[in-house]
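Just below is one structure, and these are the notes that go with it.
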Amino acid sequence: MSIFLYYQEANINIIQEGAVKGLSPQDFQRLINSPEVIAIKVDGQLKDLSEITEINPEVPVEFITINSKEALHIYRHSASHILAHAVKELYKDANFAIGPSTDEGFYYDIDMSHTLSPEDLVQIEKKMTEIIKSNSPFVKKKLRRKDAIEFFKARQEPYKVELLQEINDDEVTIYDENGFIDLCRGPHISKTGRIKAFKLLSIAGAYWRGDEKNKMLQRIYGTAFFTKEELKAYLDYLEEVKRRDHRKIAKELDLFSINDDIGPGLILWHPAGAIIRKTIEDFWREEHIKADYQILYTPHIARLNLWQTSGHLDFYKDNMYSPMDIDDISYEIKPMNCPFHISIYKSSLKSYRQLPIRYAELGTVYRYERSGVLHGLMRVRGFTQDDAHIFCREDQLEQEILKILDFTIFILKTFGFSSYNIYLSTRPEKYVGSLENWQKATSALSKALDLKGLQYEIDQGEGVFYGPKIDIKIKDSLNRSWQCSTIQVDFNLPERFDITYRGSDGKSHRPIMIHRALMGSLERFFGVLTEHYAGAFPLWLSPVQAIVLTISEKVNDFAMEITNHLKQKNIRIELNNENEKIGFKIREATLRKIPYLVIIGEKEANDKVITIRIRNGNNMPPMTVEDFANLLTKQIINKE
RNA sequence: GCCGAGAUAGCACAGUAGGUAGUGCAGCCGAUUCGUAAUCGGCAGGUCGGGGGUUCAAAUCCCCUUCUCGGCUCCA
């Protein structure tokens, strides 16, 4: 997006978006000098402000202003150059790889002898501030590519040379910022002094070109904003992310743990986490039965042969654990549930009238994940998929996809996720199945999405080798995306297992198989849920839904009566009649994020009513325990 | 797996001229019976992740190892 600005006295007002023609030279100069203009597009070509000396009124120009995403990227990219400049000043042997802007900030990959520590970032920031203060211009220069190669060879910048060798153009551009010269397409801000707010955030290792066969470089992450306020807001956001970290909340609320003695990536569900999981599972099963799925249970291990037939030993071996021997026969712990479901399908002859058959299972699988990638519940080695396999006829495919989409969105909405990023992944270079089938399946997927009015992006060539897929990423309350749901068409397994159905023509036909998971894995979904709600789960999921707090021992009998009453109504209720002050009990219960606190004092005991304090700190008017039980029951049923 | 940083009581953390461990909360005991986010006092709790080495002496220095964290790569 770009915006045309109009100046009025010293102020600049936004009056129009898009490209304009016929600006007067005076207007043009004023705009170029405006602190709100970062770069310019002349006839659609992105340029530095410094490149333009005069204006042709016939040519449309667009000003890239600071409220656009494009401007922020340019700005951050310039900040990364300044970072590199500062590093070069401090560490003479530093060699530079790439330093792009990202959606969150920028980074630069550096190769040097000194190993960076967090304290070094302070020094680098200082140096950057000096460079910004010096307000030196970014000067763009054009070079013939081979001259540029010679130039960077002479400067002993091997990564730049390598990059240059892969550029196809004869001419390249470099930017000179007060002697710090970097290969760069640009554009850049006009002068370093325009950077108003930045911060270096972290150091990390990163492979040259992201390939683990290459040398590991040191990456410095940072971010930059147009104003200090925006930077502050972003840093606050990072704090909020930390505060909501499901690993931290899990400790506070005693939800789950991971224990060295058990093993990395293996989850122990504590009572509070387990009751939430059970509630999710019960809901899941009920809804699947309503949606005409059939629930299955299958073993955790199977003979190696099965995985040979399925092909997993060929294409999924890296993620599978070593086999174990039982009576001289090799068995493998399952990384997937599909072969089991197929075996159940095959256990009897199927008629076209029976299709579609929808098998669903909360199937626990084990996959080898490299030690460095494990992360709380989000990335584990043993997890339970809310898996289902649908066997259908070709003419049923589209209808089935539609049903799955509806079902997915219903389930996700129930958990409070109502905005998504959807991706349709198409045929990759290596694939099985006929082109015709791919074509049919892909159009069935896209047609279903269109019919539902769901916006999606196409991930060209990112499908699995056995079929196209739809991935649904949910957005949480901090607007972060999480991959959970996936719907995949499979042409491979029906062939490999030779599954068939008997058609109306009396002949054998090959069904189409759809793999789908809505929550993905219960572990990850629970982790996302925890962060989404910051541990304050909605009533129907809360481990303890209400707690009775007594003010003194005198009301113990009435409190017990209330507790028992609510327990009889299937409310997850606790009683705290310990000898503590009410303020302390409220604090304890609030920290546990219990939705409702039932406060019982002599007043309540005398009037036979209860006082309710809601999680947000507000009180409800006194009511009878029957009314309270009805209120909770209604909310639980409605999953409010 | 790779780069870097870590691991001290249930939890959060102190503890660098190397001289056999502290604080707060939680737990237990006692007192207090107190109306909306912490009442007071006492007690107990750790072979300082594990193994090896240097030293008269190691939480502290060195090596190995396991795990955790931030990334890279990969993924539900």
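The values are calculated or read from the model by the stated rules, or taken from the named source; none is laboratory data. Keep in mind it's a predicted model, so treat the numbers as computed, not measured. Reconstructed Cβ throughout: ideal geometry from the backbone, glycine too, with neighbour counts over all protein chains shown. Just the protein is used for accessible areas: all its heavy atoms, side chains included, with ligands, DNA and RNA removed. Shrake-Rupley method; radii C 1.70, N 1.55, O 1.52, S 1.80 Å.
Could you tell me which of rounded, prolate or oblate describes chain A, using a ≥ b ≥ c as the square roots of the eigenvalues of the alpha-carbon gyration tensor, with rounded for a/c under 1.5 and, failing that, prolate when a/b is larger than b/c and oblate otherwise?
Oblate shape, in that a/c is at least 1.5 and b/c is the bigger or equal ratio.
Under a point-charge model restricted to the Cβ atoms of Lys and Arg (+1) and Asp and Glu (-1), what is the dipole moment magnitude of region A:169-264 relative to its Cα centre, in debye to the nearest 20?
Magnitude of the dipole: close to 340 debye.
Stick to Cα atoms and the Kirkwood definition of Rh, then tell me Rg/Rh for region A:70-238.
0.95
Please list, or write none, the aspartates and glutamates whose alpha carbon is within less than 15 Å of the alpha carbon of A:LYS413, excluding same-chain residues fewer than 8 places away.
By straight Cα distance, A:LYS413 reaches A:GLU287, A:ASP476, A:GLU640.
Would you mind calculating the relative contact order of region A:70-238 from Cα pairs under 8 angstrom and at least 6 residues apart, reporting the percent as a whole number?
27 percent
Where does each of A:69-81, A:446-458 land if you order them by average Cβ count within 10 Å, highest first?
By packing density, highest mean first, the sequence is A:69-81, A:446-458.
Given a 1.4 Å probe, how much area per residue of region A:423-532 is accessible, in Å²?
With the other protein chains kept in place, region A:423-532 gives 42 Å² per residue.
Put +1 on the Cβ of each Lys and Arg and -1 on the Cβ of each Asp and Glu in chain A; which of A:TYR75, A:SER322, A:PHE225 then has its Cα farthest toward the positive end of the dipole?
Of A:TYR75, A:SER322, A:PHE225, it is A:SER322.
Which far-off residues, 5 or more places away or on another chain, put their amide H under 5 Å from the one on A:LEU575, with H placed in the peptide plane?
A:VAL548
Using each residue's phi in region A:472-481, evaluate 6.51 cos²θ - 1.76 cosθ + 1.60 at θ = phi - 60° and report the 3J(HN,Hα) Karplus result to the nearest Hz, with x for Gly and Pro.
Result, rounded to whole Hz: 10, 9, 8, 9, 8, 5, 9, 6, 8, 9.
Find out how many positive minus negative residues lie around A:LEU296, taking Lys and Arg as positive, Asp and Glu as negative, among other residues whose Cβ is under 15 Å from that of A:LEU296.
Every neighbour counted, the sum reads 0.
Before I look further, what does region A:70-238 give for accessible area per residue, probe 1.4 Å, in whole square angstrom?
Heavy-atom accessible area per residue stands at 49 Å².
Among the DSSP beta bridges whose two residues both lie in chain A, what percent are antiparallel, rounded to the nearest 5?
Given both bridge residues lie in chain A, the antiparallel proportion sits at roughly 85 percent.
When only C-alpha pairs under 8 Å and at least 6 residues apart count, what is the relative contact order of region A:546-638, in percent?
So the answer I get is 30 percent.
Given H placed on each backbone N at 1.01 Å, which residues far from A:ARG303 in sequence or on other chains put an amide H within less than 5 Å of it?
Correct list: A:GLU332.
Express the relative contact order of region A:243-293 as a whole percentage, based on alpha carbon pairs under 8 Å and six or more residues apart in sequence.
For region A:243-293, the relative contact order is 24 percent.
Using Cα positions and a limit of under 15 Å, work out the aspartates and glutamates in reach of A:LYS346, with same-chain residues fewer than 8 apart set aside.
By straight Cα distance, A:LYS346 reaches A:GLU495, A:ASP498.
Work from the charge dipole of chain A (Cβ charges, +1 for Lys and Arg, -1 for Asp and Glu, about the Cα centre) and give the residue of A:TRP208, A:SER542, A:GLY520 farthest towards its positive end.
Sorting the options by dipole projection puts first A:SER542.
Using the alpha-carbon atoms, what tilt in degrees (0 to 90, nearest 10) does helix A:625-638 show relative to the longest principal axis of chain A?
60 degrees
So what's the net charge close to A:LEU424: Lys and Arg +1, Asp and Glu -1, counting the other residues with Cβ under 12 Å from its Cβ?
Here the charged neighbours net out to -2.
Hey, what number do you get for chain A at 222 nm if only DSSP H runs of n ≥ 4 count, each worth -39500 (n - 2.57), divided across all residues, to the nearest 500?
-11000 deg cm²/dmol
For every other residue with a beta carbon closer than 14 angstrom to the beta carbon of A:ILE98, add +1 if it is Lys or Arg and -1 if Asp or Glu, then tell me the sum.
Around A:ILE98, the charge tally is -1.
Rounded to the nearest 20 Debye, what is the dipole magnitude of chain A about its Cα centre when Lys and Arg each give +1 and Asp and Glu each give -1 at the C-beta?
440 debye
At what distance in angstrom do the alpha carbon centres of region A:388-443 and region A:175-232 lie from each other?
With region A:388-443 and region A:175-232 each reduced to a Cα centre, they are spaced 40 Å.
What are the ³J(HN,Hα) values, in whole Hz, obtained from phi via the Karplus relation 6.51 cos²θ - 1.76 cosθ + 1.60 with θ = phi - 60°, for each residue of region A:521-527 in sequence order, with x given for Gly and Pro?
10, 4, 5, 4, 4, 5, x
Using only Cα atoms and rounding to the nearest 10 degrees, what angle (0 to 90) does helix A:69-90 make with the longest principal axis of chain A?
Between helix and principal axis, roughly 70 degrees.
Please get the size of the charge dipole for region A:114-203, origin at its Cα centre, with Cβ charges of +1 on Lys and Arg and -1 on Asp and Glu, quoted in debye to the nearest 20.
420 debye
Report, in listed order, any pair from A:LYS69/A:LYS191; A:LYS569/A:LYS608; A:LYS196/A:LYS242; A:LYS251/A:LYS317; A:LYS88/A:LYS153 with a Cα-Cα distance greater than 24 Å.
Over 24 Å apart, Cα to Cα: A:LYS196/A:LYS242; A:LYS251/A:LYS317.
What do you get for Rg/Rh over region A:169-278 if you use C-alpha atoms and the Kirkwood form of Rh?
Answer for region A:169-278: 1.17.
What is the helix-to-structure angle for A:271-290, meaning the angle in degrees between its Cα long axis and the longest Cα principal axis of chain A, kept from 0 to 90 and rounded to the nearest 10?
80 degrees
At a 1.4 Å probe, what is the % contribution of carbon and sulfur to the accessible area of chain A?
After summing per-atom areas, the C and S share lands at 48 percent.
Provide the per residue accessible area, probe 1.4 Å, for region A:593-640, rounded to a whole number of square angstrom.
54 Å²
How big is D, in µm² s⁻¹, for region A:546-638 by Stokes-Einstein at 25 °C and 0.890 mPa s if Rh is the Kirkwood radius over C-alpha pairs?
189 µm²/s
Given a cut-off of 30 Å, name the pairs among A:LYS92/A:LYS133; A:LYS290/A:LYS350; A:LYS473/A:LYS593; A:LYS213/A:LYS440; A:LYS199/A:LYS475; A:LYS232/A:LYS475 whose C-alpha atoms lie farther apart than that in the structure shown.
A:LYS213/A:LYS440
Please report how far the C-alpha centroid of region A:64-137 lies from that of region A:455-504, rounded to the nearest whole angstrom.
The two parts, judged by their Cα centres, are 40 Å apart.
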